[in-house]
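Presented below is the structure to which this report refers.
The values are calculated or read from the model by the stated rules, or taken from the named source; none is laboratory data. Just so it is clear, the model here is predicted, and its values are computed rather than measured. Cβ placement follows ideal geometry from the backbone for every residue including glycine, while neighbour counts extend to all protein chains displayed. Note: areas computed on protein heavy atoms with side chains; ligands, DNA, RNA excluded. Shrake-Rupley method; radii C 1.70, N 1.55, O 1.52, S 1.80 Å.
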Amino acid sequence: MPVCLTPNAIAAINGGDVDSKPLVQVVDVKLIGSAQERYRLLLSDAASSQNAMLATQLNDLVKSGRVRKGSVVQLIDYICSTVQNRKIIVVLNMETIVPECEIIGNPKMYPETDAVAQKVLPNINPGNIQRFNNDNINGRNPVQNTQNFHSAVQPPPRANAMQNMQSFRSAIQPPYQPPPNYRNRGPIMKNEAPARIIPIAALNPYQGRWAIKARVTAKGDLRRYNNARGDGKVFSFDLLDSDGGEIRVTCFNAVVDRFHDIIEVGKVYLISKGSLKPAQKNFNHLKNEWEIFLEATSTVDVSPEEDASIPQQQFSFRPISDIETAENNSIIDVIGVVVSVNPSVPILRKNGMETQRRILNLKDGSGRTVELTLWGEFCNREGQKLQEMIDSGFFPVLAVKAGKVSDFSGKSIGTISSTQLFINPDIPEACSLRSWFDFGGKDAASLSISREIMTGGSKNEIRKTVSQIKEEGLGRSDKPDWITVKATVSFIKTDPFCYTACPLMIGDRQCNKKVTRAGNTRWLCDRCNQEFEECDYRYLLQIQIQDHTGLTWVTAFQESGEEVLGFSAKELFMLKEQDDERFAETVRSKLFYQFLFRLKIKEETYGDEQRVKITVVKADKVNYSLESQYMLDLISKLS
Ligand SMILES: [Zn+2]
């Protein structure tokens, strides 16, 4: 089959062509890069050949053999970059046309002189370039000529910013010109043609010069650090462009001083020059494998006009029901109606610093609610505002950008430093959620996916009697059994009923390990290896429950202990210290209430002994109206 490669394709690409989608042949493939796998291709148009770098997302093409030595490919997205004074083609997207073919022609390495490149530079009036350069060298005001230059290369306006790869090339914008006051600074700036504005998605470390136009969607706090190399400061901000590309930008030390104050969330900037390094995925959850590090020569300029084609924020919301199966520690966006807000409580961090924690509940149309834990500043800023709204009877919509999934007990979401909260945001998802909630959603049944429980509904619960636990050998299989028992509290052991717990925070959860006295007044945690004045008290409660079939012992920890006793463990502990009689009376008054106990049953080994451990994960006082409905349903199924 005769194959015709695109004549002069290599020269055209070197001249700035990004549009012609040429057919070229892969003459050689090499695996390079140690930290990250990368492929270098030698591309040929039958007369000339040139090195090309494959974007890492295309590695699979080579690995799967779809692109190999001899393959004829069509370049779809590509750009010519200068790396260490050598020109190289960066291939962002391509397609295999003929998987394998004999080498066509006798290609020679393409000469790398600028003179050749200039000749084929498309669409640009060389006169303007000439004048532009002269102006720079002479130090005259180039504004007039810049205007000519712009109009000479202005492509037709973009029809639709969201048309993805197809409009990718037409999306390539005219060269970005630094404003006049940044020019003529010194010899470095002279003779440099302006960098082209490219989509964020096209950024890669093999590009010499680039410019991007993007909106700041988040600005991190200025942080100071101290390591082996000395003191320093750092700050980061996140960018979003009109193609939906996002990337984090990080500045250190002197560069912080230059840019920290001019960066504002919501504004559009033209950014040029900086180095690209692999994103630090521990801290950076944007969908980009790279991160920009600004340098002394970088420029960051506020875009003179607002660009409505760049969204204010980009969310990829997941319904709350999806969080049930989301991986622990994964970062997600979620939107819901705030149905309740708990007060802010002080929490001691492991480093001895106090922080705040506030838990609220989000509900959406997926039939689920989830706990959102706010940490630190979020408690007083957004948390306080939300609390006031709820107190005044209004249920606000809350969008959470970059919340962290926790599976500590059930599934919940917590804030991290890069989380952003938006109260009643002006976005379509918020509007539809609002009308759903106002027209019935408010009263719709919903199950909580937090705290290993499903409250309020009988759909997912498996109702058993106390005697069935033994009769059916529950807890004996690999996985625990989860059942619900309607039973009455018949006895509560009070000696002991709680333990002295470590109050320090490890990450976003409390340590809770049992602590012991260190000296007369202080407590010591073995796990944290720290001492402190005050410890926390947590329930470890043995409760006897019974129904019409029998009785059993169950263990209740903190939250379920509070549900049964109506006090925190600390409150009861203090009461016991002060007045043992009143304490005993208080506990007695909590007997003989009927609860729906959600139980986790699992056999555990203690020494050589197998014991079935029954834990209360949730104790709900029986709601007799709901319970009657439940029993009526059972009866109707009988007939
Ligand atoms: Zn501890």
Report task. Using a Förster distance of 30 angstrom, determine the FRET efficiency expected from the C-beta separation of S636 and E559, and round it to 0.05. Result -> 0.30
Report task. Please give, to one decimal in nm, the separation of the simple spin-label points placed at R229 and D438, each 7 Å out from Cα toward the Cβ. Result -> 5.4
Query raised in the report: Ignoring ligands, DNA and RNA, what percent of the 1.4 Å accessible area of the stretch 505-623 is carbon and sulfur?
Result: 44
Query raised in the report: For R215, R66, R522, what's the largest-to-smallest order of accessible area, 1.4 Å probe?
Result: R66, R522, R215
Requested in this report: Would you tell me the accessible area of I635, worked out with a 1.4 angstrom probe on the heavy atoms of the protein chains, in Å² to the nearest 10?
Outcome: 100
Query raised in the report: With the other protein chains left in place, how much accessible area per residue, in square angstrom, belongs to the stretch 460-612 at a 1.4 angstrom probe?
Result: 55
Requested in this report: Just the Kirkwood number for the stretch 322-467, please: inverse of mean 1/r across all distinct Cα pairs, in Å, one decimal.
Outcome: 16.0
Report task. Identify the residues of the stretch 550-587 with backbone N under 18 Å of a label point that sits 7 angstrom from the Cα of T465 along the Cα-to-Cβ direction, or state none. Result -> 550-553
Report task. Give, as a single signed number, the net charge of other residues whose beta carbon lies under 12 Å from the beta carbon of A46, with Lys and Arg counted +1 and Asp and Glu -1. Result -> -1
Requested in this report: Rank these residues by their accessible area, most exposed first, probe 1.4 Å: D608, D481.
Outcome: D608, D481
Report task. Considering only protein heavy atoms, with the full assembly of protein chains and a 1.4 angstrom probe, order K277, K287 by accessible area, largest first. Result -> K287, K277
